């Protein structure tokens, strides 16, 4: 096999790979998406063509009447202080929820579907009435039998949505089981879109026996129905929540699925593209018979907006349970309360984080001192430790005896360096969850280039500075004569932490940087005192 043949073969493989990657695969993907869109459109059209037959139960006397052709979809917008809400005439659901975020408008429902809180998509709804904060839709199922749907948006965020069936005919009419629909997918702010697929879930809230507070449960495709009555159900992600809260009527089964909502690059584009999926949730409503000349009404509250912990504590329905504080949630809530207190004093969440870090360092000072003294003492006895290891390397029993004697001579406790780390770990994890889920930090400015403490540092200066401080801190702790492999681990640890913290919220990096600076300062003082003592 000669060199020319190898070069020709490699060029051929490159051409084939390039053709598949940039020509064949995009064409196939486009054809598949077109086919899926056409199939979905055909299915929706088939559902709408059934008209009244899909809404009324078979026992109703008008189910065989011919229905009129479906009308084209119409979009109706209601402008509110917190969002521009656009509804679809097919199901009177929220087709677009353009949230007026502090950083910029965010479309929380950009994916194709019936829309959030949609009901009876076979019915052609039209605008019936509106005020500055409410809108009512009406649609005729059959002549004389109308369904009304009213959305009312309130200042506190607990909104109302009512569905009313009005039977003006002289016959009893039975509505077949119907449903409230959510999804597919719930979008979020730009800084969180990378993690949004993992964070988006269909959820419901139940009160378990023996527990003071209700429990948030995730509902996925194939899950069993809740055994306990639930308070609310819907879809959430890290920063936003959309839920229905039934009032006075018993909902039926929950149905969840994952639906393809687009394509996204995997691993910064190195792993190609993959399907992006979003949750869909359906809340069933049992059928009902509406007697002649009467009405049947379904009242509900609903929430659609940011997961603001401070606001949730003022509202009913335990919406704060949707915020994930993690295993050490109690510590996280305490930390958040302390943070809010310092913010009330300073008006700057960055300064508040620094103040909270100083307070934590003061509380843990005794343990930090214990850890640093232990590290300094271990460094001091390292030369003698190395001589003992060389002298008794073939006698483990003698090595252990002499090592313990050395610890006793210099009053060194090697476990003293581990205890402070074990204490600080839960605090760090609690702060991590508290800061990464804090809506209060969203769009919160600190100084100069840090304009959003909930997102990563755009120039990566904070994590780089943090890594530099950790490097000098670790460098001062490496004892002379340490095994080269262990020394390398100490040296590369700051680099690993820097890379790990690159995409962390800048508020969390600020906490860790401040903590590292304080620890480095204390360490420097201890090392100078021990050097003078020698």
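The values are calculated or read from the model by the stated rules, or taken from the named source; none is laboratory data. Since this is a predicted model, take the numbers as computed values, not measurements. Positions of Cβ are backbone-derived with ideal geometry, glycine not excepted, and every protein chain shown enters the neighbour counts.
Would you check which residues across segment 298-335 are under 21 Å from residue 98 (Cα atoms) and assigned to a loop (DSSP other than H, G, I, E, B) and list them?
307, 308
Condition first: in the same structural domain as residue 164 (by TED's automatic domain parsing), in a strand (DSSP E or B), at pLDDT 95 or above and surrounded by 19 or more Cβ atoms within 10 Å (Cβ to Cβ). Can you find one or more residues in segment 67-82 that meet it?
Yes, because at least one residue in segment 67-82 is in the same structural domain as residue 164 (by TED's automatic domain parsing), in a strand (DSSP E or B), at pLDDT 95 or above and surrounded by 19 or more Cβ atoms within 10 Å (Cβ to Cβ).
Quick grid of which residues meet (1) under 27 Å from residue 337 (Cβ atoms); (2) in contact with a strand residue (DSSP E or B) (Cβ under 6 Å, 6 or more places away or on another chain); (3) crowded, with 16+ Cβ neighbours inside 10 Å; (4) at pLDDT 75 or above:
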{"site": "352", "(1), (2), (3), (4)": "yes, no, yes, yes"}
{"site": "364", "(1), (2), (3), (4)": "yes, no, yes, yes"}
{"site": "367", "(1), (2), (3), (4)": "yes, no, yes, no"}
{"site": "379", "(1), (2), (3), (4)": "no, no, yes, no"}
{"site": "404", "(1), (2), (3), (4)": "no, no, no, yes"}
{"site": "410", "(1), (2), (3), (4)": "no, no, no, no"}
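For residues in segment 451-476 being part of a loop (DSSP other than H, G, I, E, B) and crowded, with 21+ Cβ neighbours inside 10 Å, which is farthest from the chain's Cα centre (by Cα)? Step through it out loud before you land on a result.
Step one: of segment 451-476, the residues part of a loop (DSSP other than H, G, I, E, B) are 451-460, 476.
Next, only the ones that are crowded, with 21+ Cβ neighbours inside 10 Å stay: 452-455, 457.
Working: 452: 17, 453: 16, 454: 12, 455: 13, 457: 19 Å.
The qualifying residue farthest from the chain's Cα centre (by Cα) is 457.
Looking at segment 415-444 only, could you name the residues that are at pLDDT 75 or above and under 13 Å from residue 511 (Cβ atoms)?
Passing the criteria: 427, 428, 429, 430, 431, 432, 433, 434, 435, 436, 438, 441.
Determine whether residue 458 is under 11 Å from residue 505 (Cα atoms) and modelled with pLDDT of 90 or more. Working first, answer last.
Numbers: under 11 Å from residue 505 (Cα atoms): yes; modelled with pLDDT of 90 or more: no.
Judged against the criteria, residue 458 is not a match.
When you scan segment 189-219, how many residues do you find that are surrounded by 13 or more Cβ atoms within 10 Å (Cβ to Cβ) and part of a loop (DSSP other than H, G, I, E, B)?
The total comes to 5.
Only one of these conditions is not met by residue 347: (1) without any contact (Cβ under 8 Å) to a residue 12 or more places away in the chain; (2) within 25 Å of residue 446 (Cα to Cα); (3) buried (at least 16 other Cβ atoms within 10 Å of the Cβ). Which number is it?
The number of the failed condition is (3).
Return the total of residues in segment 135-161 being buried (at least 16 other Cβ atoms within 10 Å of the Cβ) and closer than 18 Å to residue 302 by Cα.
Counting residues in segment 135-161 that are buried (at least 16 other Cβ atoms within 10 Å of the Cβ) and closer than 18 Å to residue 302 by Cα gives 12.
Restricting attention to segment 211-222, does a residue exist that is closer than 27 Å to residue 138 by Cβ and either within 24 Å of the chain's Cα centre (by Cα) or in the same structural domain as residue 138 (by TED's automatic domain parsing) (or both)?
Taking every residue of segment 211-222 in turn, none turns out to be closer than 27 Å to residue 138 by Cβ and either within 24 Å of the chain's Cα centre (by Cα) or in the same structural domain as residue 138 (by TED's automatic domain parsing) (or both).
So, of the residues in segment 327-341 that are surrounded by fewer than 16 Cβ atoms within 10 Å (Cβ to Cβ) and under 25 Å from residue 204 (Cβ atoms), which turns out to be modelled with the highest pLDDT?
This residue is 330.
For residue 234, are the conditions met, namely being at pLDDT below 95, buried (at least 18 other Cβ atoms within 10 Å of the Cβ), closer than 24 Å to residue 111 by Cβ and assigned by TED's automatic domain parsing to the domain that holds residue 96?
On the way: at pLDDT below 95: no; buried (at least 18 other Cβ atoms within 10 Å of the Cβ): yes; closer than 24 Å to residue 111 by Cβ: yes; assigned by TED's automatic domain parsing to the domain that holds residue 96: yes.
It is false that residue 234 is at pLDDT below 95, buried (at least 18 other Cβ atoms within 10 Å of the Cβ), closer than 24 Å to residue 111 by Cβ and assigned by TED's automatic domain parsing to the domain that holds residue 96.
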